[in-house]
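Undergrad: Right, I'll just put the structure down here and ask away after.
The values are calculated or read from the model by the stated rules, or taken from the named source; none is laboratory data. As the structure is a computational prediction, the values presented were derived from the model and not from experiment. Neighbour counts are summed over all protein chains in view; Cβ atoms, including those assigned to glycine, are modelled from backbone coordinates with ideal geometry. Side chains included, ligands, DNA and RNA excluded: accessible areas come from the protein's heavy atoms. Shrake-Rupley method; radii C 1.70, N 1.55, O 1.52, S 1.80 Å.
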Amino acid sequence: MSVCTLKGSATTQISPTGEGTVIAFEILGGLRVLSPDGEHAVRGQFQRVLLQSLLIAEERVAPTELLMEELWGEHLPNGVVNALQAHVSRLRKWLRAIEPDRPEPRLVSHPHGYQLLLDGALLDAKDFVARVTEAAELRDHSPELAAASLRKALDLWRGPAFGGLPGGPKCACAATRYEEYRKQAVEYLFDAELRQGRHLAIL
């Protein structure tokens, strides 16, 4: 059983804070993790799929069974629980190396799953959905503001969600939903521009 969770060329702006660093996760295109030190490559398919699966949960606990399905599908290896724990441990250490001043782990364990705390980190997909939702509320009475918000939202896209490599069924489902939001954003943008008589902008 799988569960979908959801809620260009632009680069997320990262800046240091007083108590460490701010990092950004980007999935509207190939998976990227950015900090003030630059881009940090996620090594290996398992680590990539695991991180993507945790990100689309948006701080909710991702159940162990679903993470297993994302990583291995129906072909679970022997000792799958230990294998998942090992991948989680590697990812936790990798995240800690990016934020050495962070006092608490960003990736935490629960009795029945794992949770990635955004806790100040940026997630482009979350920002995108929020901007589209805001524009939907603005377009009737303030189409100019709606259009500006939608252009910023669409600029967050660098290519297919997850770079066309979603991994398991949960991430594939999330990718489809993000793409649906993207189409909706384009429709809202056309509508907002037409309401302002900006037909050439649409062309």
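Undergrad: Out of 57, 10, which single residue is at pLDDT 95 or above, more than 13 Å from residue 166 (Cα to Cα) and surrounded by 16 or more Cβ atoms within 10 Å (Cβ to Cβ)?
TA: Working: 10 fails: at pLDDT 95 or above.
Within the list 57, 10, the selection yields 57.
Undergrad: Can you name the residue in region 147-157 that is outside any helix (DSSP H, G or I) and in contact with a Leu (Cβ under 9 Å, 6 or more places away or on another chain) and, of all such residues, is least open to solvent (accessible area, probe 1.4 Å)?
TA: Applying the filter and picking the extreme gives 157.
Undergrad: Please find, among 86, 97, the residue that is hydrophobic (A, V, I, L, M, F, W, C) and closer than 21 Å to residue 168 by Cα.
TA: Only one candidate passes the filter, namely 86.
Undergrad: Separate question: Could you go through region 158-174 and let me know if any residue there is assigned to a helix (DSSP H, G or I), of a type in the set (A, V, I, L, M) and more than 28 Å from residue 33 (Cα to Cα).
TA: No: zero hits.
Undergrad: Out of all the residues in region 60-95, which are among the charged types (D, E, K, R), part of a helix (DSSP H, G or I) and either at pLDDT below 95 or surrounded by 19 or more Cβ atoms within 10 Å (Cβ to Cβ) (or both)?
TA: Within region 60-95, 69, 70 qualify.
Undergrad: Continuing with the same structure: Being open to solvent by 10 Å² or more (accessible area, probe 1.4 Å), outside any loop (DSSP other than H, G, I, E, B) and under 16 Å from residue 24 (Cα atoms) is the filter here, so list the residues in region 99-122 that pass it.
TA: Passing the criteria: only 122.
Undergrad: When you go through (1) under 17 Å from the mean Cα position of the chain (by Cα); (2) of a type outside the set (Gly, Ala, Ser); (3) open to solvent by 50 Å² or more (accessible area, probe 1.4 Å) one by one for residue 144, which number turns out not to apply?
TA: (1)
Undergrad: Under 8 Å between Cβ atoms, at least 6 apart or on separate chains: pull out the pairs that start in region 186-201 with a residue that is closer than 14 Å to residue 140 by Cα and hydroxyl-bearing (Ser, Thr, Tyr) and end on any residue that is modelled with pLDDT under 90 and outside any helix (DSSP H, G or I).
TA: Sorted first by the residue in region 186-201, then by its partner, the pairs are 188/139.
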